[in-house]
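**Q** Attaching a single structure in structure tokens format; questions to follow.
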Amino acid sequence: MAINFLALLVAALVPMVLGFVWYHPKVFGTAWMAAAGMTEEKIKGSNMALIFGLSFLFALMLAFVMHGLATHDAYVEGATYYAEGGAQNPDPNSEVGKWMAFYKENLADSHYNFKHGLVHGAMLFGLMLVLPVFATNALFERKGFKYVAINAGYWMVCLGLMSGILAAWR
């Protein structure tokens, strides 16, 4: 599985760009501030360079993990690794090697498109991972539905776009 570092960097910019739009006061910003208990004073009193720098680092980490998962490459290579007893490249004449060749020739290309990545990112990462985490935290933090909907919705869209970019940009 080759890594496209330019695609990783572009995908890591998605949370920043989408965040500027999503959390703008004319979109969900005002509602988010009320639901989160955030004030203008708290925002102005923070180290924005540190916040944005760490946010970009975390987005890079997300992009790196999603890179192989959005196209199934990580699943396929992991399965063949274990099926071949730890071999990185299966013997082309083995059953696993033949299946891998079939996968690469007939199936893999259908996973390398924006739509495929978008669905994986939004559904697998967003709906099945982010939503339960945000909702559980919100229950214990005594945050309401609006807080969960705004934040989980942002991450579902964000992870969908990131995975779409990573899947389409080989």
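What follows draws every value from the coordinates through simple rules; no lab data is involved. Quick caveat: nothing in here was measured; it's all calculated off a predicted structure. Backbone-built Cβ (ideal geometry, glycine too); neighbour counts: all protein chains shown.
**Q** State, as an integer percentage, the relative contact order of the stretch 1-85 based on alpha-carbon contacts under 8 Å between residues 6 or more apart.
**A** Over the stretch 1-85, the number comes to 43 percent.
**Q** Return the ratio Rg/(2.2 N^0.38 Å) for the stretch 11-69, where Rg is computed over Cα atoms only.
**A** The value comes to 1.30.
**Q** Would you mind calculating the gained length between residue 94 and residue 107 on full extension (0.36 nm times residue separation, minus the Cα-Cα distance), in nm to one decimal?
**A** In short, 2.8 nm is gained.
**Q** How large is ³J(HN,Hα), in whole Hz, for each residue of the stretch 150-166 in order, when computed from phi with the Karplus curve 6.51 cos²θ - 1.76 cosθ + 1.60 and θ = phi - 60°, using x for Gly and Pro?
**A** Along the stretch 150-166, the couplings run 5, 6, 5, x, 4, 5, 5, 5, 4, 5, x, 5, 4, 5, x, 4, 5 Hz.
**Q** If you place +1 on the Cβ of every Lys and Arg, -1 on the Cβ of every Asp and Glu, and leave all else neutral, what size is the dipole of the chain about its Cα centre, to the nearest 20 Debye?
**A** 760
**Q** Once phi is turned into θ = phi - 60°, what whole-Hz ³J(HN,Hα) does the Karplus curve with 6.51, -1.76 and 1.60 give for every residue of the stretch 13-24, x standing for Gly and Pro?
**A** Working through the residues one at a time gives 7, 4, x, 5, 5, 5, x, 4, 7, 4, 9, 5 Hz.
**Q** Among 60, 50, 18, which one shows the highest mean-square fluctuation when the chain is modelled as a Gaussian network with alpha-carbon springs under 10 Å?
**A** Judging by the Gaussian network model, the answer is 50.
**Q** In µm²/s, what is D for the stretch 74-165 at 20 °C and 1.002 mPa s, where D = kT/(6 pi eta Rh) by Stokes-Einstein and Rh is the Kirkwood radius from Cα pairs?
**A** It comes out at roughly 139 µm²/s.
**Q** What whole-number distance in Å separates the alpha-carbon centres of the stretch 116-170 and the stretch 65-114?
**A** Taking the Cα centre of each part, the stretch 116-170 and the stretch 65-114 sit 27 Å apart.
**Q** Another question, then. Pick from 108, 49, 135 the residue whose mean-square fluctuation is largest in a GNM of the chain, springs joining Cα atoms under 10 Å.
**A** 49
**Q** Once you list every other residue whose beta carbon is under 11 Å from the beta carbon of residue 170, what net charge do they have if Lys and Arg are +1 and Asp and Glu are -1?
**A** Its environment carries a net charge of -2.
**Q** First check a/c for the stretch 1-139, with a ≥ b ≥ c the square roots of the eigenvalues of its C-alpha gyration tensor; if it is under 1.5, answer rounded, and if not, answer prolate when a/b is larger than b/c or oblate otherwise.
**A** Prolate, since a/c reaches 1.5 and a/b exceeds b/c.
**Q** Taking just the C-alpha trace of the stretch 113-170, give me its Rg and Dmax in Å.
**A** Here Rg and the maximum Cα pair distance are 12.6, 43 Å.
**Q** Now for a separate question. Going toward the positive end of the dipole of the chain, with +1 on Lys and Arg Cβ and -1 on Asp and Glu Cβ, which of 113, 60, 79 do you reach last?
**A** Working it through, the farthest residue towards the positive pole turns out to be 60.
**Q** Calculate, axis by axis, the spread of Cα positions in the stretch 56-115 along the three principal axes, and write the results as whole Å, longest axis first.
**A** Computed over the stretch 56-115, the largest-to-smallest principal extents equal 44, 26, 11 Å.
**Q** While we're here: Applying 1/(1 + (r/R0)^6) with R0 = 35 Å to the Cβ-Cβ distance of residue 56 and residue 31, what FRET efficiency is obtained, to the nearest 0.05?
**A** In this case the efficiency is close to 0.90.
**Q** Calculated FRET efficiency, residue 42 and residue 2, Cβ-Cβ r, R0 41 Å, to nearest 0.05?
**A** 0.40
**Q** Please list, by residue number, everything in the stretch 8-41 whose backbone N is under 11 Å from a paramagnetic label point 7 Å out along Cα→Cβ of residue 142.
**A** none
**Q** Further question: What is the helix-to-structure angle for 73-83, meaning the angle in degrees between its Cα long axis and the longest Cα principal axis of the chain, kept from 0 to 90 and rounded to the nearest 10?
**A** 50
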